[in-house]
1. Every residue in the stretch 280-304 that is modelled with pLDDT of 90 or more and either closer than 15 Å to Asn245 by Cβ or part of a strand (DSSP E or B) (or both), please.
2. Test Glu136 against the stated conditions and say whether it is in contact (Cβ under 8 Å) with a residue 40 or more places away in the chain, surrounded by fewer than 17 Cβ atoms within 10 Å (Cβ to Cβ), assigned to a strand (DSSP E or B) and assigned by TED's automatic domain parsing to the domain that holds Gly89.
3. Working only within the stretch 6-32, note down all residues that are over 18 Å from Phe59 (Cβ atoms) and hydrophobic (A, V, I, L, M, F, W, C).
4. Identify all residues within the stretch 218-228 that are under 23 Å from Leu174 (Cβ atoms) and free of Cβ contacts under 8 Å to residues at least 60 places away in the same chain; write none if there are none.
5. Criterion first (surrounded by fewer than 20 Cβ atoms within 10 Å (Cβ to Cβ) and not assigned by TED's automatic domain parsing to the domain that holds Lys27) does Lys301 satisfy it?
6. Residue check: is Ile248 surrounded by 16 or more Cβ atoms within 10 Å (Cβ to Cβ), assigned to a loop (DSSP other than H, G, I, E, B) and either in contact with a helix residue (DSSP H, G or I) (Cβ under 8 Å, 6 or more places away or on another chain) or touching a residue at least 40 places away in the same chain (Cβ under 8 Å) (or both)?
7. Identify, from the list Ile31, Ile54, the residue that is aliphatic (A, V, I, L, M) and surrounded by fewer than 20 Cβ atoms within 10 Å (Cβ to Cβ).
8. Return the pair list, or none, for Cβ contacts closer than 7 Å from residues in the stretch 182-199 that are without any contact (Cβ under 8 Å) to a residue 24 or more places away in the chain to residues that are among the polar types (S, T, N, Q) and in a strand (DSSP E or B), at least 6 apart or on different chains.
Amino acid sequence: MIKIIHTGDLHIGVQFKNTSFDGIQSKKRRIELWETFERILKRADENKPDFLIISGDLFEEDYFTMGDIKRIRDGFNSIKGVNVVISAGNHDPLDEKSLYNLIQWPENVYIFHNEKLEKKEFNSLNTVIWGYSWKEKEEKKRLFDDLDNIDKDKINVLVLHGDILNKDSPYMPLDMGEIESLGFDYVALGHIHKPQFLKDRISYCGSPEPLDFGETGIHGIVEGEIEKGRVSLKLIPFSKRIFVNKEIDVSHIAGFSDVIQAIKNIDDENSRRKNFYRLTLKGIMDRDINLDLEEIKEILKDEFYHIEIINCTTPDYDLDKLLKENNNNIIGIFIKEMMKKGLEDPIVKDGLYLGLKILLKEKMGE
């Protein structure tokens, strides 16, 4: 039986250029990625797993320095009793100029080569770890054509950075059925940032820290035990912050101050002041309420660590006035037809208001 921590996709050094973070938040978030890496090392030092498995994209090659890679090295050196195994990914490829190749690694660190699937044997643990490191930004290599025989008497773990969810992916497409048939006791995958257990023996650890609003929900590390015929692993929540996407229906809100309160009510105070929020306002809104999003954000700046607000509301139209002004055009015809269907039906009413929003924009030449 072996104990493992499985992580990957830390992307240490990422610049957050494609986010809405300001410069201060981007810098702070980069620091937090380092802090989470160090917390993982601390957990490994305390819990003493046999292996710390890193399934690629440990760092961002384009922004990493020699000082940074030495910091990584020193971190691994601080957990000498733990075997660190790394399969490099598309953001930290093991190419000719890779920082992985420019320093001497501690004896407990094992980095897989980039020519073919490689195995590293740990006889004292009756374990073989298999892996492969990328050398390009995209990879479609067939890894298992020349696979050596697997010793079924030993624990066999496969460590890869690739896409098992999309067979047409340019990022190391993997076939679930093929991998299942090979007989590995555990398959430790990286590349997909959402943590997920695909099968009893196959999982994506996900990114321990989410990087943007496409990565909502719990993020952490996979931890547990592996033995022949049994895998006992679980996701340990580990991120300092999470990203939250939520909708707020403001249809029955009476005034501006009520909009502010509805936004504050989206979560408890501790969560609001810790996490990243993107809130979408929707529904039919009193047309006299001015939703100045910048003003709302300014009012709430001390209530949220980070907040983005999207206005998808529809104004509560004066239908009689609109009919009078547009009696003989498509807007008037549309209103009459929808009224025939019965505006007491909320679906019909929503359809009417959505259609009017589009038609009135077209009329105004927006």
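1. Thr280, Leu281, Lys282, Phe304
2. No, not satisfied.
3. Answer for the stretch 6-32, where residues must be over 18 Å from Phe59 (Cβ atoms) and hydrophobic (A, V, I, L, M, F, W, C): Phe21, Ile24.
4. Correct list: His219, Gly220.
5. yes
6. In short, no.
7. Residue meeting the stated conditions: Ile31.
8. Matching pairs, first to second residue: Gln196/Ser203.
The values are calculated or read from the model by the stated rules, or taken from the named source; none is laboratory data. On a predicted model such as this, the values are computed, not experimentally measured, just so you know. When we count neighbours, we look across all protein chains shown, and the Cβ atoms used for this are built from the backbone with ideal geometry, even at glycine.
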